[in-house]
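Everything below concerns the one structure shown next.
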Amino acid sequence: MPTQYHSTARYTSATAPGALPLLGHAPALLRNPPDFVAGLAAHGDLVRIRLGPLTAYVVCHPDLVRRLLTEDRTYDKGGIVVEKAREAFGNGLATCPAADHRRQRRMLQPAFHRDRLPGYAALMAEEIAATTGGWRDGDVVDVPAAMYRLSTAVTARCLFAAHERAGSLPVHAAMDQVARGVARRMVLPLPGADRVPTPGNRRFARARRDLREITDRLIADYRTAGTDHHDLLSMLLGARDEDGRGLSDDEVHDQVVTFLLAGMETTAATLSWAWTLLAANPAVRERLHTELDTVLDGRPARHQDLPALPLTARIVSETLRLHPPAWILSRTTTTATELGGHPLPAGATVLYSPYLLHRRADLFPCPDRFDPDRWLTTARPAPGIYTPFGLGARRCIGEAFGSTEAALALAGIAAHWSVTPTPGRPVRPQRSASLSPRPFTATLARRIR
Ligand code: HEM
């Protein structure tokens with residue numbers, strides 16, 4: 001059970017030890033990004049790190065994370081992680097400044113309303129069935145790649161339902177390149193490194209152009225047809241602000257790319273990690289199979305089954321605790337301010353890390369242990385402790401969408417398949433802005449109930 005945090009209201013601040021001349025903490029960060037960041041909590045509640053010429057402040061205490069995320073006029077979207085993301089997301093909901101955010105969020109919120117979830121879930125279930133329909137007993141698959149293909153197909157389908165074969169749109173290849181490019185660039189702390197014409201940077205530029213063309217074409221098709229397809233793109237085109245104004249094509253484009261980028265890798269990573277955790281914890285896997293056999297009795301998982309699958313939901317929550325895909329996020333101060341009694345200059349980069357918070361032993365007993373039953377308690381952790389979807393005005397708009405997709409895919413796959421990673425070295429995270437696992441293979445065995 002997560003511990004409720006009782007603040008002492010005295011917050012410590014420190015500079016992380018081990019900075020090298022010129023490079024600062026960049027080499028230590030690059031060696032093992034999540035563990036370097038998680039280790040900072042040992043030094044204080046607000047810890048300064050240096051990445052080349054840049055000083056950044058890492059917020060390690062849940063009280064201060066709560067302030068950071070709820071005072072969104074003082075701590076605006078910005079800082080290294082967001083600046084790199086803007087290159088691909090443009091001025092979409094995830095990266096726009098607070099000044100644009102309220103209007104955008106109001107316009108987009110209806111697309112993620114609870115009432116729309118069953119419709120999206122039906123499409124998700126179809127894509128999950130299509131994925132597993134191609135599997136054969138004994139197949140060996142690259143798990144992150146397979147989960148990525150599945151979540152891409154789901155996201156593309158829910159965005160562009162009108163395109164019958166949304167799953168095969170060329171958008172997949174372009175998205176893949178853009179997502180990988182963004183992730184790689186966000187972790188490069190050296191200014192200018194991403195402007196060097198390396199093959200990787202050129203691929204990124206080309207993929208961005210392709211993606212632009214594809215989405216522009218889709219937007220034009222939808223505008224010409226003028227029908228409501230009950231998908232995300234129709235919602236975007238129909239959205240109106242208080243003055244009755246809609247989104248321009250550029251704005252729609254940025255939101256489409258935002259949904260694709262924000263939704264695909266996060267959900268794929270969650271599912272990939274879940275398979276590694278279940279394989280390493282056969283007793284939990286056994287209980288999951290029992291839950292699925294009892295409730296589903298061999299038929300595919302549907303949205304209305306989810307309330308009857310509490311262990312499935314706890315496995316998703318616990319996976320997101322151990323491996324939060326959005327593991328490091330940034331803000332920038334709009335003015336000189338203080339946090340926890342410590343001064344911050346205007347324009348400072350302030351980082352928060354769900355991974356750091358989720359691995360604090362004082363917040364989660366035995367934090368490295370996979371224990372879905374820690375979520376059996378009805379008490380929810382205080383805000384700022386469990387933050388896989390962030391908090392405050394910028395909290396994830398796709399939280400219910402992503403959680404539903406992860407639970408349906410976990411249930412839909414585990415009901416019929418055992419996914420057993422090939423024995424060998426433990427699966428490590430990519431060195432990336434999203435906590436995705438490096439490629440690993442697993443054998444698929446059809447379950448006999
Ligand atoms: C397991 C899946 C997901 C995880 C872990 C996740 C995580 C997050 C986090 C941590 C944030 C807050 C970022 C910050 O504080 O700077 C966020 C924001 C956002 N997410 Fe998600 N996300 C997931 C799925 C999705 C999906 C499926 C979509 C869309 C289809 C989506 C769209 C967005 C958008 C648009 C924002 C920006 C919200 C705003 O600023 O108002 N996410 N997400």
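The values are calculated or read from the model by the stated rules, or taken from the named source; none is laboratory data. Here the structure is a predicted model, which is why all the values come from computation and not from measurement. Please note: Cβ atoms are built from the backbone with ideal geometry, for glycine as well, and neighbour counts cover all protein chains shown. All accessible areas refer to the heavy atoms of the entire protein, side chains included, with ligands and DNA or RNA removed. Shrake-Rupley method; radii C 1.70, N 1.55, O 1.52, S 1.80 Å.
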Below 8 Å, C-alpha to C-alpha, sequence gap of six or more: please give me the relative contact order for the range 1-141 in percent. 15 percent
How much length is gained on full extension from L376 to R223, taking 0.36 nm per residue of separation minus their Cα-Cα distance? 50.3 nm
In 20 Å bins starting at zero, report the fraction of Cα pairs in the chain per bin as a rounded %. 25, 59, 17, 0
Just to confirm my numbers, what's the Cα centroid distance between the range 383-410 and the range 119-144 in Å? 22 Å
Need one number for the range 10-117: average projected area of the convex hull over its C-alpha atoms, nm². 9.1 nm²
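Note the full-extension length gain between E126 and D243 as 0.36 nm times their separation in residues minus their Cα-Cα distance, in nm to one decimal.
Numbers: separation 117, 0.36 × 117 = 42.12 nm, distance 3.83 nm.
Roughly 38.3 nm would be gained on extension.
Leaving out ligands, DNA and RNA, and with a 1.4 Å probe, what % of the accessible surface on the chain is carbon or sulfur?
Working: 10660 of 19370 Å².
Taking all protein chains in place, the chain shows 55 percent carbon and sulfur surface.
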Three principal axis extents, largest first, for the C-alpha atoms of the range 222-286, in Å? 55, 22, 20
Relative contact order for the chain, counting Cα pairs under 8 Å that sit 6 or more residues apart, in percent: 28 percent
Under the rule of -39500 (n - 2.57) per DSSP H run of 4 or more residues, summed and divided by the residues of the chain, what mean residue ellipticity at 222 nm is obtained, to the nearest 500 deg cm²/dmol? -15000 deg cm²/dmol
Å² of accessible area per residue within the chain, as computed with a 1.4 Å probe and no ligands counted: 43 Å²
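Take the Cβ-Cβ distance between R114 and R431 as r, set R0 to 45 Å, and report the resulting FRET efficiency rounded to the nearest 0.05.
On the way: r = 37 Å, r/R0 = 0.82.
So, using R0 = 45 Å, E works out to roughly 0.75.
Can you give the % of DSSP beta bridges in the chain that are antiparallel, to the nearest 5? If you can, show how the numbers build up before the last one.
Values: 27 of 34 bridges.
Restricted to the chain, the bridges split so that about 80 percent are antiparallel.
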